[in-house]
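K.L.:
Below you'll find the structure I mean.
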Amino acid sequence: MKILHISMECYPAAKYGGLGDVVGALPIYLNKAGVSTAVIMPKFATKWLNQQRYREVYQGHVRLHNDYVWFAIEEVQNEGLGFPLYVVNLPGKFDRPGVYGDPGGGWYGDEVQRYLCFQQAVLKWVVDMQWKPQILHCHDHHTGLIPFMVKHCPEFHSLRNMPTVFTIHNGEYSGAFSWQNAHLLPYFDANARWLLDWGNTICPLAAALKCCWRFTTVSPGYLEELKYNAAGLEPLVNSEMPKAWGIINGIDTALWDPSTDKYVSYKLQKGNIAEYKEINKAKLHDRFRIIPDLPIVTFIGRLVREKGADLLPEVMRRVVGSGVRVGFIVLGTGEPDLMREFAELKNQLPGFYDASLEYNEGLAHQLYAGSDFLIMPSRVEPCGLNQMYACRYGSIPIVRSVGGLKDTIIDIGEQGGRGIRFNQFTVEDAAMAIFRAVKVYNNPEVLASLRERIMAVDFSWERSAKDYMRLYNELS
Ligand code: GLC
């Protein structure tokens, strides 16, 4: 094994958002390209993980203040994944149905303890491995203390020269916690204390940026934005810039293929896009109460501010109120207030809006296939994968010009356009983008050629995997 990816999420074992998709796909493509790559994650009590068979490869204890917490590392026995997957079995810590909280409930509340146990368990295993990985690749703040621990904790001293790569999928969350919890950390060199600190807290994201050998963001555009908008970490991002790489995510084009997708009942056949879209759209009408013949604009994702979900209700009221005939569908779960608002909206816009307020992977696939447009009004978007899934399934993206959305979706006003972009995070700008979308929809020739063009775009991982390989080569 050359590269060990360390992450909270990995599709299909456990997924909350795009992090899961990326960690479940990139290793497949790295392995295909000859870079042997494995993933390690916590052993959650998700449906998929509950159904697997395991082979135990290691056992140990991590110290958590006065406790010694037992753990085991187990290898998932599943040939179909395309990469070796290991899980850390930490009874009482991760054997729960959700990744960050129970489905539909709040955060678990003991994340500091959980992430500390997980990170140390991984490192203990690596310390004792006979054939060690060449590079540790950590994802998001939950694994952000690893670059610090390998350098500054006596226990992991033998790993101090092992290069670490840290990928920021979401810089909005830093994992910061109070210094009052410092007793939970493994012993570390007191001179290195400042490396953990940001704003008088222990900040895993900051520690990762300071200690890792290289850090990456999931799009070049997001890296630029982080220089002046990084939830308080801007000075650090700027001073660590020499080791930064912006690498755009890809999508798993084998999994996301409209001609073979198991969730899509009417698959793309012989390149007949019009028929495929029409039949899948008709199927959506069986499930969602939307007046037939309207263009359908869909939102899929977490109902949180970061994704701009809070803007949508007013946008929909405005558009429908203006007399323009569009149907909206929403799929997702998130903040309780927003969930309530999206539920109530069904009574306010009957026939023009419907929603399924849940996480539903299969329904998401059907919506990409059956919708005409996909809207992403994100405040922040480190990369965004849904706009790429939408293109591949022939739904035209309507996106705000931020981060990875800007890097992947060219406006139809330009050469090679792929979708509709708007700049300001305002109801007016978003509504205007929808009006433009309706114009496209009402022009069958333009619609058909745009669908054909976006479905042919190559968003596959091959290209991005090459960038990661260049990065790894620089370190080994
Ligand atoms: C996070 C980001 C999203 C990105 C994904 C995968 O979920 O919010 O923009 O696509 O990670 O990197």
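The values are calculated or read from the model by the stated rules, or taken from the named source; none is laboratory data. Every value quoted in this text rests on a predicted model; they were computed, and no experiment measured them. FYI the Cβ positions are ideal-geometry reconstructions off the backbone, even for glycines, and counts take in every protein chain you see.
K.L.:
Could you look through segment 281-310, keep only residues that are under 21 Å from the mean Cα position of the chain (by Cα) and either farther than 19 Å from Ala364 by Cβ or outside the structural domain of Asn360 (by TED's automatic domain parsing) (or both), and pick out the one that is modelled with the lowest pLDDT?
P.N.:
Residues of segment 281-310 that are under 21 Å from the mean Cα position of the chain (by Cα), as a first pass: 298-310.
With either farther than 19 Å from Ala364 by Cβ or outside the structural domain of Asn360 (by TED's automatic domain parsing) (or both) added as a condition, the list becomes 305, 310.
On the way: Arg305: 95, Asp310: 98.
Among those that are under 21 Å from the mean Cα position of the chain (by Cα) and either farther than 19 Å from Ala364 by Cβ or outside the structural domain of Asn360 (by TED's automatic domain parsing) (or both), it is Arg305.
K.L.:
Of all residues in segment 169-187, which are away from the ligand (no atom under 16 Å from the Cβ) and in a loop (DSSP other than H, G, I, E, B)?
P.N.:
Of segment 169-187, the ones away from the ligand (no atom under 16 Å from the Cβ) are 176-187.
Ala176, Ser178, Leu185, Pro186, Tyr187, listed by residue number.
K.L.:
Please verify whether Ala207 is touching a Leu at 6+ places or on another chain (Cβ under 6 Å), closer than 29 Å to Asp21 by Cβ and hydrophobic (A, V, I, L, M, F, W, C), treating the condition exactly as stated.
P.N.:
Values: touching a Leu at 6+ places or on another chain (Cβ under 6 Å): yes; closer than 29 Å to Asp21 by Cβ: yes; hydrophobic (A, V, I, L, M, F, W, C): yes.
Answer is yes for this residue.
K.L.:
Can you tell me how many residues in segment 148-168 are aliphatic (A, V, I, L, M) and assigned to a helix (DSSP H, G or I)?
P.N.:
First pass over segment 148-168, keeping only residues aliphatic (A, V, I, L, M): 149-150, 159, 162, 165, 168.
Narrowing the set further to residues that are assigned to a helix (DSSP H, G or I) leaves 149-150, 159.
Number satisfying all stated conditions: 3.
Residue-by-condition table, conditions (1) touching a residue at least 40 places away in the same chain (Cβ under 8 Å); (2) out of contact with any strand residue (DSSP E or B) (no Cβ under 9 Å at 6 or more places or on another chain):
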| position | (1), (2) |
| --- | --- |
| Leu236 | no, no |
| Glu240 | no, no |
| Gly250 | yes, no |
| Ser259 | no, yes |
| Ser265 | yes, yes |
| Glu275 | no, yes |
| Glu278 | no, yes |
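K.L.:
Taking segment 121-134, which residues are under 17 Å from Leu90 (Cβ atoms) and either of a type in the set (Lys, Arg) or in a loop (DSSP other than H, G, I, E, B) (or both)?
P.N.:
Across segment 121-134, the qualifying residue is only Lys124.
K.L.:
Now for a separate question. Please identify the pairs in which a residue from segment 299-310 that is in contact (Cβ under 8 Å) with a residue 12 or more places away in the chain has its Cβ atom under 8 Å from the Cβ atom of a residue that is part of a helix (DSSP H, G or I) and near the ligand (Cβ under 9 Å from one of its atoms), counting only partners at least 6 apart or on another chain.
P.N.:
Going by the 8 Å Cβ cut-off, the qualifying pairs are Ile300/Asn386; Gly301/Lys307; Gly301/Asn386.
K.L.:
I'd like to check something: does segment 240-252 contain any residue that is out of contact with any Leu (no Cβ under 9 Å at 6 or more places or on another chain), small (Gly, Ala, Ser) and surrounded by fewer than 21 Cβ atoms within 10 Å (Cβ to Cβ)?
P.N.:
No: zero hits.
K.L.:
Which residues, taken from segment 188-232, are of a type in the set (A, V, I, L, M, F, W, C) and within 16 Å of the ligand (Cβ to nearest atom)?
P.N.:
Leu205, Ala208, Phe215, Val218, Leu223, Leu226, Ala230, Ala231
K.L.:
Against the conditions (1) surrounded by 16 or more Cβ atoms within 10 Å (Cβ to Cβ); (2) within 30 Å of Pro292 (Cα to Cα), where does Tyr472 fall short? Just the number, please.
P.N.:
If we test Tyr472 against (1) surrounded by 16 or more Cβ atoms within 10 Å (Cβ to Cβ); (2) within 30 Å of Pro292 (Cα to Cα), just (2) comes out false.
K.L.:
Scan segment 96-109 and give yes if some residue there is closer than 30 Å to His157 by Cβ and either surrounded by 14 or more Cβ atoms within 10 Å (Cβ to Cβ) or modelled with pLDDT under 95 (or both), otherwise no. Break it down stepwise before answering.
P.N.:
Initially, segment 96-109 is screened for residues closer than 30 Å to His157 by Cβ, giving none.
No: segment 96-109 contains no residue that is closer than 30 Å to His157 by Cβ and either surrounded by 14 or more Cβ atoms within 10 Å (Cβ to Cβ) or modelled with pLDDT under 95 (or both).
K.L.:
Within segment 28-43, does at least one residue satisfy the condition of being closer than 24 Å to Pro103 by Cα and assigned to a loop (DSSP other than H, G, I, E, B)?
P.N.:
Scanning segment 28-43, I find at least one residue that is closer than 24 Å to Pro103 by Cα and assigned to a loop (DSSP other than H, G, I, E, B), so the answer is yes.
K.L.:
If we scan segment 127-134, do we find a residue that is in the same structural domain as Ala13 (by TED's automatic domain parsing), buried (at least 20 other Cβ atoms within 10 Å of the Cβ), closer than 26 Å to Met469 by Cβ and at pLDDT 95 or above?
P.N.:
Taking segment 127-134 as the starting set, the residues that turn out to be in the same structural domain as Ala13 (by TED's automatic domain parsing) are 127-134.
So of that shortlist, the ones also buried (at least 20 other Cβ atoms within 10 Å of the Cβ) come out as 133.
Retained after the next criterion (residues that are closer than 26 Å to Met469 by Cβ): 133.
From what is left, the residues that are at pLDDT 95 or above are 133.
Looking through segment 127-134, at least one residue is in the same structural domain as Ala13 (by TED's automatic domain parsing), buried (at least 20 other Cβ atoms within 10 Å of the Cβ), closer than 26 Å to Met469 by Cβ and at pLDDT 95 or above.
K.L.:
Could you check, for segment 86-97, whether at least one of its residues is free of Cβ contacts under 8 Å to residues at least 24 places away in the same chain, over 30 Å from Gln180 (Cβ atoms) and assigned by TED's automatic domain parsing to the domain that holds Lys32? Don't jump to the end; show me each part of the working.
P.N.:
Here is the first cut: in segment 86-97, the ones free of Cβ contacts under 8 Å to residues at least 24 places away in the same chain are 91-92.
Now narrow it down to the ones that are over 30 Å from Gln180 (Cβ atoms): none.
Looking for residues that are free of Cβ contacts under 8 Å to residues at least 24 places away in the same chain, over 30 Å from Gln180 (Cβ atoms) and assigned by TED's automatic domain parsing to the domain that holds Lys32, one finds none in segment 86-97, hence no.
K.L.:
Still on this structure: Which number in (1) more than 29 Å from Lys15 (Cβ to Cβ); (2) among the hydroxyl-bearing types (Ser, Thr, Tyr); (3) within 16 Å of the ligand (Cβ to nearest atom) marks the one condition that Thr143 misses?
P.N.:
So the condition that Thr143 fails would be (1).
K.L.:
Further question: For residues in segment 416-430 being among the small types (Gly, Ala, Ser) and surrounded by fewer than 20 Cβ atoms within 10 Å (Cβ to Cβ), which is nearest to the chain's Cα centre (by Cα)? Walk me through it before giving the result.
P.N.:
Narrowing segment 416-430 to residues among the small types (Gly, Ala, Ser): 416-417, 419, 430.
Filter once more, keeping what is surrounded by fewer than 20 Cβ atoms within 10 Å (Cβ to Cβ): 416-417.
Numbers: Gly416: 26, Gly417: 25 Å.
Within segment 416-430, the match that is nearest to the chain's Cα centre (by Cα) is Gly417.
K.L.:
Right, another one. Gln77 - would you say it is surrounded by fewer than 18 Cβ atoms within 10 Å (Cβ to Cβ), in the same structural domain as Gln134 (by TED's automatic domain parsing), more than 29 Å from Tyr472 (Cβ to Cβ) and modelled with pLDDT of 95 or more?
P.N.:
On the way: surrounded by fewer than 18 Cβ atoms within 10 Å (Cβ to Cβ): yes; in the same structural domain as Gln134 (by TED's automatic domain parsing): yes; more than 29 Å from Tyr472 (Cβ to Cβ): no; modelled with pLDDT of 95 or more: yes.
Considered against the rule, which asks whether it is surrounded by fewer than 18 Cβ atoms within 10 Å (Cβ to Cβ), in the same structural domain as Gln134 (by TED's automatic domain parsing), more than 29 Å from Tyr472 (Cβ to Cβ) and modelled with pLDDT of 95 or more, Gln77 comes out as no.
K.L.:
What are the pairs with Cβ atoms under 6 angstrom where one residue, in segment 165-177, is in the same structural domain as Pro235 (by TED's automatic domain parsing) and the other, located anywhere, is of a type in the set (S, T, N, Q) and more than 8 Å from the ligand (Cβ to nearest atom)? Sequence gap at least six, or different chains.
P.N.:
Thr167/Thr216; Ile168/Thr217; Ala176/Thr201
K.L.:
I would also like to ask the following. Considering Tyr16, Tyr58, Tyr29, which residue is surrounded by fewer than 19 Cβ atoms within 10 Å (Cβ to Cβ), in contact (Cβ under 8 Å) with a residue 60 or more places away in the chain and under 30 Å from Glu462 (Cβ atoms)?
P.N.:
Details: Tyr58 fails: under 30 Å from Glu462 (Cβ atoms); Tyr29 fails: surrounded by fewer than 19 Cβ atoms within 10 Å (Cβ to Cβ).
Every option except Tyr16 fails the conditions.
K.L.:
Hey, any hits in segment 48-66 for a residue that's among the basic types (Lys, Arg), over 15 Å from Tyr115 (Cα atoms) and assigned by TED's automatic domain parsing to the domain that holds Ile135?
P.N.:
At the first step, the residues of segment 48-66 found to be among the basic types (Lys, Arg) are 53, 55, 63.
If we keep only those that are over 15 Å from Tyr115 (Cα atoms) too, we end up with 53, 55.
With assigned by TED's automatic domain parsing to the domain that holds Ile135 added as a condition, the list becomes 53, 55.
Checked against the condition, which is being among the basic types (Lys, Arg), over 15 Å from Tyr115 (Cα atoms) and assigned by TED's automatic domain parsing to the domain that holds Ile135, segment 48-66 yields at least one hit.
K.L.:
Going by the structure shown, is His137 within 16 Å of the ligand (Cβ to nearest atom), part of a helix (DSSP H, G or I) and within 22 Å of Ala206 (Cβ to Cβ)? Give the steps one after another, and end with the answer.
P.N.:
On the way: within 16 Å of the ligand (Cβ to nearest atom): yes; part of a helix (DSSP H, G or I): no; within 22 Å of Ala206 (Cβ to Cβ): yes.
Considered against the rule, which asks whether it is within 16 Å of the ligand (Cβ to nearest atom), part of a helix (DSSP H, G or I) and within 22 Å of Ala206 (Cβ to Cβ), His137 comes out as no.
K.L.:
May I pose another question? Scanning segment 65-102 for residues that are assigned to a loop (DSSP other than H, G, I, E, B) and among the acidic types (Asp, Glu), which turns out farthest from Gly34 (Cα to Cα)? Full working, then the answer.
P.N.:
Just the residues of segment 65-102 that are assigned to a loop (DSSP other than H, G, I, E, B), to begin with: 65-66, 77-78, 82-84, 90-100, 102.
If we keep only those that are among the acidic types (Asp, Glu) as well, we get 95, 102.
Details: Asp95: 34, Asp102: 38 Å.
Once the filter is applied, the top-ranked residue is Asp102.
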